[in-house]
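*Asks:* Structure provided below as structure tokens; questions to follow.
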Amino acid sequence: MNQSEPNGNNREQLVRRARERALYLLAAMPRTEQQLREKLQTSRAGYPDDVINEVLEYVKERRYVDDAAYARDYLRARASKKSRRMIFLELQRKGISKELAQEALQEWEQLADEPSSFEECQQQAIIQAIRKKRIDPSEASREEMAKLYQSLARKGFTYGEIQQALKALS
């Protein structure tokens, strides 16, 4: 019996199990390539890098993992809740390259003619945050307004964006 044969069969089994695990993970929720790689590396089986690379090629060929589409969808889902800067940083943390994240943001910003433009979404996010804090800007003290600005700045909104939202609110 040739020793390379069981190793070959073993590797095929490992690839098959890793592929099944990847598909199971992707069925639960969309993931970036980096997120899927990390999940496969840290799973109980601890798949080797060559097996993970093969599985990633498989899922990318079939477009089960598409970082550009993930970035666009992530942006669309969060544009009305978070600042442009926060979304950009979160995308990078999830393994989206700087270039893909910038491309998705630029693509979204070019939709300025549509009613759901990025600026309007940002403004709505700021207004929602203000309402959530139950602050009436027209009646708020200087100290309350300073705290409001600081809170919104920590969420990644710029001074100019906050000012525009406050003007729209009053």
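The values are calculated or read from the model by the stated rules, or taken from the named source; none is laboratory data. Worth saying up front: this structure is predicted, and the values here are computed from it rather than measured. Using ideal geometry, Cβ is built from the backbone for each residue, glycine included, and neighbour counts are taken over all protein chains shown.
*Asks:* Is one or more of the residues making up region 14-34 over 27 Å from residue 106 (Cβ atoms) and not in a helix (DSSP H, G or I)?
*Replies:* So far as region 14-34 goes, no, none of its residues is over 27 Å from residue 106 (Cβ atoms) and not in a helix (DSSP H, G or I).
*Asks:* Taking region 138-159 as the search range and keeping residues that are of a type outside the set (Lys, Arg) and closer than 14 Å to residue 85 by Cα, which one is surrounded by the fewest Cβ atoms within 10 Å (Cβ to Cβ)?
*Replies:* Ranking the qualifying residues of region 138-159, first place goes to 159.
*Asks:* Looking at 64, 58, which is the one that is outside any helix (DSSP H, G or I), at pLDDT 90 or above, farther than 16 Å from residue 155 by Cα and hydroxyl-bearing (Ser, Thr, Tyr)?
*Replies:* Step by step, each of 64, 58 is checked, and only 64 is outside any helix (DSSP H, G or I), at pLDDT 90 or above, farther than 16 Å from residue 155 by Cα and hydroxyl-bearing (Ser, Thr, Tyr).
*Asks:* Kindly provide the set of residues from region 30-70 that are over 15 Å from the mean Cα position of the chain (by Cα), among the acidic types (Asp, Glu) and buried (at least 16 other Cβ atoms within 10 Å of the Cβ), ordered by number.
*Replies:* Across region 30-70, the qualifying residue is only 54.
*Asks:* Considering 101, 27, which residue is loosely packed, with under 15 Cβ neighbours inside 10 Å, at negative phi and among the aliphatic types (A, V, I, L, M)?
*Replies:* Of the residues listed, the single one that is loosely packed, with under 15 Cβ neighbours inside 10 Å, at negative phi and among the aliphatic types (A, V, I, L, M) is 27.
*Asks:* Which one of these is surrounded by fewer than 16 Cβ atoms within 10 Å (Cβ to Cβ), of a type outside the set (D, E, K, R) and under 20 Å from the mean Cα position of the chain (by Cα): 124, 110, 163, 128?
*Replies:* One residue alone meets the criteria, 110.
*Asks:* Out of all the residues in region 73-98, which are crowded, with 17+ Cβ neighbours inside 10 Å and either touching a His at 6+ places or on another chain (Cβ under 8 Å) or not aliphatic (A, V, I, L, M) (or both)?
*Replies:* Within region 73-98, 74, 82, 83, 84, 88, 94, 95 qualify.
*Asks:* Which of the helices (runs of 4 or more DSSP H) contained wholly in region 117-170 include at least 2 residues that are of a type in the set (Val, Ile, Thr) and free of Cβ contacts under 8 Å to residues at least 60 places away in the same chain?
*Replies:* Output list reads 118-132.
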